[in-house]
Each structure stands twice: as structure tokens, then as C-alpha cells.
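Trainee: The structure that follows is given in the form of C-alpha cells.
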Amino acid sequence: MRFYVVTVLPEIFGSFTATGLVGKAIAKGLVGVDPITPRDFTTDKHRTVDDTPYGGGSGMLMMPQPIVHAMEEAEAREQPRSGTRPLRILLSAQGDRFDQAMARELSSHAALTLVCGRYEGVDERAVARVDREISLGDYVLMGGEVGAMVIVEAVSRLLPGVLGNASSIVEESHASGLLEGPQYTRPAEFRGDKVPDVLISGHHAVVARWRRREALRRTLLRRPDLLTHAPLDASDRKLLAELERELAAAKLLGPVGPATLAPDDEG
Ligand SMILES: C[S@@+](CC[C@H](N)C(=O)[O-])C[C@H]1O[C@@H](n2cnc3c(N)ncnc32)[C@H](O)[C@@H]1O
């Protein structure tokens with residue numbers, strides 16, 4: 001899969017594409033990250049990509065022409081590779097909120113063009129030429145580059161061969177609609193805190209049941225909203241009912257929803 005990143009700061013992607021699992025995926029030819037700078041499509045000697053907003057106002061806006069040209073350059077590069085037009089995505093605080101389901105949907109495309117805004121944003125005529133706008137969350141970043149990296153990571157790790165252990169995709173948070181439960185590695189005891197006995201019992205079925213219960217517990221406490229859509233079977237619902245009683249008795253779950261741990265309860 002190929003990611004074309006339209007950015008005025010292509011150097012940001014240097015170590016990102018050279019290291020970690022993204023670097024390995026690129027080295028294996030599973031993923032490509034191709035920064036394209038709109039400055040290459042300017043016509044003046046200063047390679048200007050921004051200008052003041054019509055009607056006044058603070059800051060500068062990215063001009064439409066260099067961005068649209070850069071998106072078209074991505075399409076020209078992708079044509080001989082997959083024969084498809086990359087989905088045009090603008091990173092924007094006003095877009096649809098990025099989540100795991102969206103990452104999964106995007107991973108079905110052969111290529112994406114991720115347009116990173118900077119300054120006060122992007123001229124609306126460039127915005128009108130993207131297929132979708134995606135937001136990382138309800139806050140404002142300085143530019144879209146970090147968002148583009150988030151999308152590259154979240155999407156790439158869903159592609160076959162990118163992660164060493166394919167089952168981690170199945171078991172992790174959000175994959176099954178639940179948060180993942182607590183996990184432990186060596187040592188078996190750290191500053192008096194022991195790894196739960198069940199995890200060293202060697203009984204796979206018991207471990208699996210414990211993990212499911214802890215995933216349900218954590219989701220109930222931290223993100224009960226996820227339970228509305230999570231695919232739960234009859235045994236999950238039974239576990240959930242048990243957990244609700246248990247947590248309510250420990251006053252961790254109020255009558256109208258889960259309470260947070262009071263500082264005194266944190267041990
Ligand atoms: C300073 S922001 C511009 C914010 C813009 N004036 C607004 O009110 O929506 C510059 C660029 O950062 C990126 N950006 C900022 N916040 C973002 C978010 N929450 N998600 C994705 N991209 C974001 C966008 O590409 C945006 O064009």
C-alpha cells in the first residue's frame with residue numbers, strides 16, 4: 001500500500017520512514033511513504049505556498065494550486081503502480097474523527113494521498129477537491145503531518161505481513177470493539193506487585209476467559225460507550241452482569257454509569 005503525503009515539511013518523515021515497524025514495512029516493500037511537497041508546484045522564485053486570506057483575518061492560508069497539483073502528482077505516480085486513483089484525504093480539525101474502523105476501511109485502498117495543512121489552514125477550493133476530511137480529535141494541531149503519521153501507522157499495521165504476530169491485531173484494543181485488558185511481562189513480581197496467578201497457570205482456556213473478563217471490565221470502567229456496539233455473546237453478557245454487580249459493590253460503578261477511582265482508592 002502506498003501513502004503519498006502532501007506536505008511543506010517532507011523532512012519530518014525522514015526518521016519516521018527509516019525506523020521501527022514502518023521502516024521495516026517499507027524495507028520489505030509492503031508499504032511506501034512518498035512525501036510530495038507543494039513547493040515543487042509553485043511558479044515564483046520564492047516557491048510560495050501560502051497567502052493572506054481574502055476578507056482579512058489573522059494568519060496565512062495554503063493556496064489551492066500547489067496542493068491540487070501535488071495531489072495530481074500523487075495520482076500520476078500511482079497510475080502505473082496500481083492503476084487506481086489514491087483516495088484524497090485532508091487532515092483537518094473539522095473532519096470525521098479517525099478511529100480503528102476508519103483505519104480498517106482505509107486499509108482496503110491501494111493508495112492514499114494525505115494532505116497536511118499548515119498555517120491557518122487550506123483554501124476551500126483545495127478542500128473541495130479532496131474525497132474526505134479526517135480529524136485526529138477535537139483539538140487543533142500546528143499541521144497535518146503528525147496526523148498523517150498516525151494514519152500511516154494505524155493503517156499499515158493492519159496490512160498482511162507488517163506485524164510479526166498477526167494475532168496481535170485480533171486481540172488488541174478496539175479490534176473486537178472492546179479495550180484490551182491488562183498485560184504483564186517479566187518479572188513475575190515487581191515491587192511487591194505479582195502477576196495474576198492465572199497467567200502463569202498454563203491453562204490456555206482459563207487464561208482466555210480471564211482476558212475476556214478483564215477486557216470487559218476495563219471497557220465497562222473506561223469506555224462503557226463501546227459496549228453498545230461491541231459484538232457480545234451470551235457468555236460475555238453473563239460476565240458483564242457479574243462485573244457490574246462486583247464493581248457496583250466496590251462502589252466503582254455508580255447507578256448511572258461507572259465512577260472513576262477516588263484518589264484514596266488508588267492504593
Ligand atoms: C493550525 S491548523 C488550522 C486550523 C483551522 N484554522 C481550523 O480552525 O480548523 C493547521 C493544519 O493542521 C491540521 N490539523 C489541525 N488540527 C487537526 C486535527 N485535529 N486533526 C487533523 N489535522 C489537524 C490541518 O491540516 C490544518 O489545516
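Trainee: Which of the residues spanning region 100-142 are more than 19 Å from residue 5 (Cβ to Cβ), among the small types (Gly, Ala, Ser) and more than 6 Å from the ligand (Cβ to nearest atom)?
Mentor: Once the filter is applied, which keeps residues that are more than 19 Å from residue 5 (Cβ to Cβ), among the small types (Gly, Ala, Ser) and more than 6 Å from the ligand (Cβ to nearest atom), region 100-142 yields 101, 108, 128.
Trainee: Check region 82-90 and report whether any residue there is more than 10 Å from the ligand (Cβ to nearest atom), part of a helix (DSSP H, G or I) and among the charged types (D, E, K, R).
Mentor: No: region 82-90 contains no residue that is more than 10 Å from the ligand (Cβ to nearest atom), part of a helix (DSSP H, G or I) and among the charged types (D, E, K, R).
Trainee: Considering each of 106, 112, 158 in turn, give the residue that is touching a Pro at 6+ places or on another chain (Cβ under 6 Å) and surrounded by 16 or more Cβ atoms within 10 Å (Cβ to Cβ).
Mentor: The unique qualifying residue is 112.
Trainee: May I pose another question? Across region 22-70, which residue is surrounded by the most Cβ atoms within 10 Å (Cβ to Cβ) among those that are polar (S, T, N, Q) and in contact (Cβ under 8 Å) with a residue 24 or more places away in the chain?
Mentor: 37
Trainee: Being in contact (Cβ under 8 Å) with a residue 60 or more places away in the chain and part of a helix (DSSP H, G or I) is the filter here; which residues of region 1-21 pass it?
Mentor: Answer for region 1-21, where residues must be in contact (Cβ under 8 Å) with a residue 60 or more places away in the chain and part of a helix (DSSP H, G or I): 12, 13, 16, 21.
Trainee: Does region 144-154 include one or more residues that are touching a residue at least 12 places away in the same chain (Cβ under 8 Å), within 13 Å of the ligand (Cβ to nearest atom) and either part of a loop (DSSP other than H, G, I, E, B) or acidic (Asp, Glu) (or both)?
Mentor: Yes.
Trainee: I've got another one for you. From (1) in a loop (DSSP other than H, G, I, E, B); (2) within 18 Å of residue 242 (Cβ to Cβ), pick out the condition that doesn't hold for residue 220.
Mentor: (1)
Trainee: Select, from 214, 145, the only residue that is surrounded by 17 or more Cβ atoms within 10 Å (Cβ to Cβ), within 16 Å of the chain's Cα centre (by Cα) and of a type in the set (Asp, Glu).
Mentor: After applying the criteria, what remains is 145.
Read-outs throughout are calculated quantities, based only on the coordinates presented, and are distinct from any laboratory measurement. Treat the numbers as computed from the prediction; the structure is a model and nothing was measured. Don't worry about glycine lacking a Cβ; one is built from the backbone with ideal geometry, like all the others, and counts go over all protein chains shown.
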